[in-house]
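Colleague: Shown below is the structure under consideration.
What follows is calculated from the coordinates using simple rules that are stated; it is not laboratory data. Source: prediction; values computed, not measured. Note that each Cβ is placed from the backbone with ideal geometry, even for glycine, and that neighbours are counted across all protein chains shown.
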Amino acid sequence: FGNQGFLKVALMGASIYGPIGIVIAESLYCFPHAVLILTTALAPNEILTEIRIPVPRAGTGGAYVKFRHPASGYALIGVAALVTRDGGGAISDARVALTGVGTRAMRARGAEQALIGKNTDETTVADAATRVVEGLEPRADAQGSAEYKKHLVGVFAQRAVALLLEAA
């Protein structure tokens, strides 16, 4: 499933079923839990039995972009975004998530707030991309410094938001 697929499913509000009951996808893998890389919030003896993904409302579009490691192809950073436009073209709902900048995926709530209620234009895209890095403290590792990753997040957030606004 990978980060790309899971982030999109989580942002769409999917529910996951298993012996532990119903879990919202967002809480299983990424956002509120301080989960280590390549793990989930599941216990070793738990298994998923079903995933339910709600049908997106009309006017919904999404995008996922990533900066690939040149040798492995894995994402050094990734940005997933999902928006819904109302009948007048304004964004009524927005969800943005990041991977590769910490030990877990995270929502970019500032970018989401920058999009909601706005019509789509270059200023909206630029504002959302700027807000996505506000307060962001990426982890430095062998793949790049914190500053480098923060720059990449801004660039790829702008690409993701521009793509999804075309799709919605």
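Colleague: By per-residue mean of other Cβ atoms within 10 Å, what is the highest-first order of 94-102, 111-119?
Modeller: Numbers: 94-102: 24.4, 111-119: 19.0.
Taking the mean over residues of other Cβ atoms within 10 Å, the ranking is 94-102, 111-119.
Colleague: Using θ = phi - 60° and the Karplus curve 6.51 cos²θ - 1.76 cosθ + 1.60, what whole-Hz ³J(HN,Hα) does each residue of the stretch 103-118 get, with Gly and Pro shown as x?
Modeller: Karplus values, whole Hz, x for Gly and Pro: 7, 8, 5, 8, 7, 10, 5, x, 5, 4, 5, 5, 8, 5, x, 9.
Colleague: Right, next: By average Cβ neighbour count within 10 Å, what is the ranking of 124-130, 65-71, 80-86 from highest down?
Modeller: Top of the packing list down: 80-86, 124-130, 65-71.
Colleague: Can you tell me which aspartates and glutamates have their Cα less than 15 Å from the Cα of K118? Leave out same-chain residues fewer than eight positions away.
Modeller: List returned: D86, D93, D127, E166.
Colleague: Mind listing the long-range amide H neighbours of T60? Cut-off is under 5 Å, sequence gap 5 or more, other chains count too, H placed in the peptide plane at 1.01 Å from N.
Modeller: Result for T60 returns R85.
Colleague: Check I77: other-chain or 5+ apart residues with amide H under 5 Å from its amide H, H built from backbone geometry?
Modeller: F67
Colleague: How large is ³J(HN,Hα) for each residue in the stretch 86-98, as worked out from phi by the Karplus curve 6.51 cos²θ - 1.76 cosθ + 1.60 (θ = phi - 60°), to whole Hz, x for Gly and Pro?
Modeller: Those phi angles translate into 7, x, x, x, 7, 7, 9, 8, 9, 9, 9, 9, 10 Hz.
Colleague: Here's something else I'd like to know. Roughly how many Å is it from the Cα centre of the stretch 63-80 to that of the stretch 116-168, as a whole number?
Modeller: Spelled out, the Cα-based centre of one part sits 14 Å from the other.
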